[in-house]
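Please read the structure below before turning to the comments.
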Amino acid sequence: QVQLVESGGGLVQPGGSLRLSCAASGSIFRFVLMGWYRQAPGKQRESVATITSGGSTNYADSAKGRFTISRDTAENTVYLQMNSLKPEDTAVYYCNAIRREPLGNYWGQGTQVTVSS
């Protein structure tokens with residue numbers, strides 16, 4: 001059973017920073033893709049940043065230049081470093097992992113990020 005546990009959310013002022021962590025149960029090399037998604041109240045869940053098993057990254061336009069996705073394969077953890085946070089970044093952030101064999105799509109429980117003065 002795959003488990004993803006997010007942490008690191010909280011309340012931060014505009015312009016501040018947060019680092020989210022997603023700890024996976026077992027090796028993250030099992031997953032062809034891992035990523036961070038977010039869902040704001042009344043909106044659909046959207047992709048923020050993804051990283052492939054080969055280490056290639058992709059960012060939403062809203063995240064480019066401010067957010068960085070990274071991973072620690074020894075710790076089986078994926079991170080999202082968020083800088084220059086804006087009120088519109090307020091959302092529940094979810095970690096996602098996709099496994100090819102056997103096929104699986106896994107989500108964490110989410111962590112709340114609130115950007116407010």
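Listed values, structure above:
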item	result
Residues (open to solvent by less than 40 Å² (accessible area, probe 1.4 Å), farther than 20 Å from Gln112 by Cβ and assigned to a strand (DSSP E or B)) located in segment 13-33	Ala24, Phe31
Evaluation of Gly42 against (1) surrounded by fewer than 16 Cβ atoms within 10 Å (Cβ to Cβ); (2) over 28 Å from Ser117 (Cα atoms) (one fails), failing number	(2)
Any hit, segment 84-96, residues being of a type in the set (A, V, I, L, M), closer than 18 Å to Cys22 by Cα, surrounded by 15 or more Cβ atoms within 10 Å (Cβ to Cβ) and in contact with a Leu (Cβ under 9 Å, 6 or more places away or on another chain)	no
From Gly26, Gly9, residue being in contact with a Ser or Thr (Cβ under 7 Å, 6 or more places away or on another chain) and of a type outside the set (Val, Ile, Thr)	Gly9
Test result for Asn76, touching a helix residue (DSSP H, G or I) at 6+ places or on another chain (Cβ under 7 Å), closer than 20 Å to Gln1 by Cβ and surrounded by 15 or more Cβ atoms within 10 Å (Cβ to Cβ)	yes
All positions within segment 1-12 that are open to solvent by less than 70 Å² (accessible area, probe 1.4 Å), over 15 Å from the mean Cα position of the chain (by Cα) and within 15 Å of Ala97 (Cβ to Cβ)	Val2
Counted residues, segment 1-39 - those being of a type in the set (Gly, Ala, Ser), touching a strand residue (DSSP E or B) at 6+ places or on another chain (Cβ under 7 Å) and closer than 12 Å to Leu85 by Cβ	3
Out of Ser70, Ser47, sole residue that is of a type outside the set (D, E, K, R), in a strand (DSSP E or B), under 17 Å from Ser7 (Cα atoms) and free of Cβ contacts under 8 Å to residues at least 40 places away in the same chain	Ser70
Cβ-Cβ under 9 Å pairs, at least 6 apart or on other chains, segment 10-21 side among the charged types (D, E, K, R), far side crowded, with 17+ Cβ neighbours inside 10 Å and not in a loop (DSSP other than H, G, I, E, B)	Arg19/Tyr79; Arg19/Leu80; Arg19/Met82
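The values are calculated or read from the model by the stated rules, or taken from the named source; none is laboratory data. Fair warning: this is a prediction, and the values are worked out from it, not measured in the lab. Every residue, glycine among them, receives a Cβ derived from its backbone with ideal geometry; neighbour counts consider all protein chains shown. Areas reflect the complete protein model, heavy atoms only, side chains present, ligands, DNA and RNA absent. Shrake-Rupley method; radii C 1.70, N 1.55, O 1.52, S 1.80 Å.
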